[in-house]
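Accompanying notes for the structure given below.
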Amino acid sequence: MRYFVLIMLSVVNIYAIVSISPVDIGDKPGISGGINGSFDTKRGNTESDNYSAGIKLSYDDNKSYLMWGEFSFTYGEASGAKNANQSYAHIRYIRRIEKSIEWEAFVQSQSNEFTKVDERLLGGAGLRLHINKEVWGDFYYGLGAFYEYITYTTDIDIDEKNIRGNTYVAYKKDITKDSKFSYVIYYQPQIKNFNDYIISNAVELKILIYEKLYVNFNITYNKDSKPAIDVKQVDISQKTSFIYKF
């Protein structure tokens, strides 16, 4: 366990992988993880470079708890102008209460130059209900809250300190022995103002292509009802990447 913590601390400034598939106690005992990367370079009529990378690490005691962290960054340029620059770090602890009920605590840090978020820090906790249906797959329902602190890259956007509710529904299923499907939706309203909310959707398909190497297809749809000034409410993205699991 102490080696896992040392590894986590050594990579916390790298940022790395973002995977939406829920993690369960006993799935993979001990230390495990994965490395993710994608890049797209074009020259000629189109001049562009886009890079993203990540790492996910987890420790599972195979009895009552697990903890995991994921870290990622994305950077891109087109015709010499920057068009993507964001980072993400998330650490979560999950402990079993009953067979299908767990409590979880988490901390998160993220930034996105193009939504004018210099840094978004949050910490929270909640309960998770896990229902396993062998034929239909695994269903999850989470309910909790978190404290959020946001600073912006502009002077006209005021720093925010919010308490938000946090509810989500997630699903995962092994389509075949070598392919896995996952979906998650989050709803995060500000407790004092329900007109200020964040909705996040993500769909993921992961396919084994060789031994421990996977190709990953991910589509996200995010809506922030109260973004920074002159920033659109909705962001949609599609990413194809490769993941090496260990």
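Values in this text are rule-based calculations from the coordinates and carry no lab data. This one's a predicted model, so the numbers in the text were calculated from it and none came from an experiment. Heads up, the Cβs are rebuilt from the backbone with ideal geometry, glycines too, and the neighbour counts pull from every protein chain shown.
The table for this structure:
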| read-out | value |
| --- | --- |
| Exposure proxy order (Cβ contacts within 10 Å, fewest to most) of 41, 74 | 41, 74 |
| Rounded to whole Hz, the Karplus (6.51, -1.76, 1.60) HN-Hα couplings of region 152-166, x for glycine and proline | 10, 7, 10, 7, 7, 8, 7, 4, 10, 10, 10, 10, 10, x, 9 |
| Sequence of 135, 215, 234, 117 once ranked by neighbouring C-beta atoms within 10 Å, starting from the fewest | 135, 234, 215, 117 |
| Relative contact order for the chain, counting Cα pairs under 8 Å that sit 6 or more residues apart, in percent | 13 |
| Loop trypsin sites (Lys or Arg not before Pro), region 134-216, which have at most 15 other Cβ atoms in a 10 Å radius of their Cβ (DSSP) | 177, 192, 212 |
| In Hz, Karplus ³J(HN,Hα) per residue of region 232-246 (6.51, -1.76, 1.60; θ = phi - 60°; x = Gly, Pro) | 5, 5, 10, 10, 10, 9, 10, 9, 10, 8, 10, 10, 10, 9, 9 |
| Candidates 112, 45, 62, ranked by Gaussian network fluctuation over the chain, Cα under 10 Å, top entry | 45 |
| Using θ = phi - 60° and Karplus 6.51 cos²θ - 1.76 cosθ + 1.60, couplings along region 178-188 (whole Hz; Gly, Pro as x) | 10, 9, 10, 10, 9, 8, 8, 9, 10, 10, 10 |
| Dipole magnitude (debye, nearest 20) for region 2-245, charges at Cβ of Lys, Arg, Asp, Glu | 680 |
| Gyration tensor (alpha-carbon) shape descriptor, the chain, a/c threshold 1.5 | oblate |
